[in-house]
Amino acid sequence: MGRKLGSSLPLTAALLAITLLCGCAVLTPSQVKEVERFAQATQGYGALPGAVISMYGEVAEENRLLAVTGYTFRPGDKTADQALQDMKSARQRRQEFAAAAKRADEALEILNIYAAALTILTSDDFTTSLDESATAVGKSLDRAIGAYNDSYQKDFSLIGSAAAQIVHGAGGIYLRYKQTVLLKEYVGLADPLIEALTRDVEDIIRDKVSPHLKDLTARVEREFINSANHQGRLDLSTVVRINQIFYRLEGAESLADAAISSAKRYRDAHPALKEALGKKQDLKGVIEQITVLADEVKAARKLKKKFE
C-alpha cells in the first residue's frame with residue numbers, strides 16, 4: 001500500500017505543477033479563437049498595397065510615352081532628343097515605383113508570415129508536424145525581419161523565435177499550456193512590429209501614390225488632347241489603350257484608399273487583440289476591430305479583382 005502511494009507522488013506533483021502553471025497563463029478557448037480570427041482576417045491584405053503602387057508606376061510610364069506621340073519631329077531640331085528624354089523618364093518613373101512596391105511587399109511579407117505563425121499556434125491539433133512548422137515559420141519570420149532591417153535601416157526585434165519554442169517531446173496538457181503561453185507572448189512581442197510596418201505601408205501609399213493620382217489623371221487628359229490634335233484622328237486601338245489607362249487610374253485610386261484604410265484597421269485590431277489576451281476572459285467574438293478588419297480586407301480583395 002505504501003509503495004502504491006509513493007509511486008503516485010511524482011505523478012501527483014507533476015499534475016499539480018501543470019495545474020498551477022495552467023491557472024496562471026493559459027488562454028481561454030475563446031481567446032485563442034480571437035487570435036485565429038485575426039490571422040484569418042489579415043489573409044489577402046498583402047496583395048493590396050504593392051498592386052496599387054505598381055499600377056501607379058505603370059500608368060505614370062504610359063503617360064510619358066503618350067506625350068511622345070504628340071510631338072512633331074523635324075530634321076535638325078531637338079524634338080527627338082526631348083522624346084528620348086521623356087522615354088528615359090518613363091523608365092525611371094516605373095523603376096521608382098517598382099522599388100516602392102518592393103518595400104511594401106517586403107513589409108507585408110513579414111505580416112503574412114506572422115499570420116501564418118498565429119494560425120499554427122492556434123491549431124487544435126498540435127502535433128510534431130505542426131511543431132516543426134512553427135519552428136520553420138519562426139525562422140522565416142526572423143529572416144524576413146532581418147532583411148527588412150538591413151534594406152531600410154530599421155531595428156525591429158526578431159520575434160520569430162517565440163513561435164519556435166514549442167517543447168519537443170512534450171505532450172498532452174503541458175503542450176497545450178505551452179502553446180497558449182507562447183501565443184500570448186507572441187502577440188505581445190509582435191505589437192510594436194505591427195504598428196511600425198502598417199504605418200510604413202500606409203506612408204508609402206500616402207506619400208508616393210495618393211497625392212499624385214489626380215495630377216496624373218489631369219496629365220493623361222492633357223497628353224491625350226495633344227496627341228489627338230497632332231495626329232488629327234486616332235485609331236480604335238489607341239483610344240482603347242488610353243481608355244484603359246483611365247480605367248486603371250480609377251482602380252488605383254480606389255485601391256489606394258482601401259489599402260490605407262485596411263492598414264489603419266490592421267493597426268487598430270492588433271493592440272485590441274493584445275489587450276484582450278492580457279487577462280483570462282471569455283471573448284465570444286466580441287473584438288469589433290477584428291470584424292471590421294475582416295470586412296474591409298474582404299471588400300478590398302473584391303475591388304482588386306475587379307480591376308485586374
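The values are calculated or read from the model by the stated rules, or taken from the named source; none is laboratory data. This structure is a prediction, so every number in the text was calculated from the model and none was measured. Every residue, glycine among them, receives a Cβ derived from its backbone with ideal geometry; neighbour counts consider all protein chains shown. When the accessible area is computed, the model is the full protein with side chains, heavy atoms only, and any ligands, DNA or RNA have been set aside. Shrake-Rupley method; radii C 1.70, N 1.55, O 1.52, S 1.80 Å.
Sort through Leu255, Leu236, Leu213, Leu249 and tell me the only one that's open to solvent by 90 Å² or more (accessible area, probe 1.4 Å), of a type outside the set (D, E, K, R) and farther than 29 Å from Ala162 by Cα.
Numbers: Leu255 fails: open to solvent by 90 Å² or more (accessible area, probe 1.4 Å); Leu213 fails: open to solvent by 90 Å² or more (accessible area, probe 1.4 Å); Leu249 fails: open to solvent by 90 Å² or more (accessible area, probe 1.4 Å).
From the options Leu255, Leu236, Leu213, Leu249, the qualifying one is Leu236.
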* Structure fact -> With criteria (1) open to solvent by 30 Å² or more (accessible area, probe 1.4 Å); (2) modelled with pLDDT under 80, Lys88 comes up short on (2)
* To do: Within the stretch 266-275, identify whether any single residue is farther than 30 Å from Gln31 by Cα and free of Cβ contacts under 8 Å to residues at least 24 places away in the same chain, and answer yes or no.
  => no
* Hey, can you tell me all the residues within the stretch 220-237 that are part of a helix (DSSP H, G or I) and either at pLDDT below 80 or more than 37 Å from the chain's Cα centre (by Cα) (or both)? => Glu223, Ile225, Asn226, Ser227, Ala228, Asn229, His230, Gln231, Leu236
* Asked: Any chance the stretch 43-61 includes a residue that's charged (D, E, K, R), assigned to a helix (DSSP H, G or I), more than 35 Å from the chain's Cα centre (by Cα) and at negative phi?
  -> no
* Structure fact -> Going through (1) over 19 Å from Leu216 (Cα atoms); (2) open to solvent by less than 20 Å² (accessible area, probe 1.4 Å); (3) modelled with pLDDT of 80 or more one by one, Asn112 fails only at (2)
* Asked: Restricting the search to the stretch 55-85, which residues are closer than 30 Å to Gln43 by Cα and either in contact with a Pro (Cβ under 6 Å, 6 or more places away or on another chain) or buried (at least 19 other Cβ atoms within 10 Å of the Cβ) (or both)?
  -> Met55, Tyr56, Gly57, Val59, Ala60
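Can you name every residue in the stretch 196-210 that is modelled with pLDDT of 80 or more and open to solvent by 40 Å² or more (accessible area, probe 1.4 Å)?
Our first condition is that a residue be modelled with pLDDT of 80 or more; within the stretch 196-210, this holds for 196-207.
Passing the criteria: Arg199, Asp203, Arg206, Asp207.
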* Asked: Restricting the first residue to the stretch 137-160 and requiring it to be among the acidic types (Asp, Glu), which pairs with a second residue that is modelled with pLDDT under 90 meet a Cβ separation below 9 Å and a spacing of at least six or different chains?
  -> Asp142/Leu158; Asp142/Ile159; Asp142/Gly160; Asp142/Ser161; Asp142/Ala164
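Residue-wise test of (1) of a type outside the set (Lys, Arg); (2) at pLDDT 75 or above; (3) in contact with a strand residue (DSSP E or B) (Cβ under 6 Å, 6 or more places away or on another chain); (4) over 30 Å from Val181 (Cα atoms).
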position: Val35; (1), (2), (3), (4): yes, yes, no, no
position: Ala41; (1), (2), (3), (4): yes, yes, no, no
position: Ile53; (1), (2), (3), (4): yes, yes, no, yes
position: Asn63; (1), (2), (3), (4): yes, yes, no, yes
position: Arg74; (1), (2), (3), (4): no, yes, no, yes
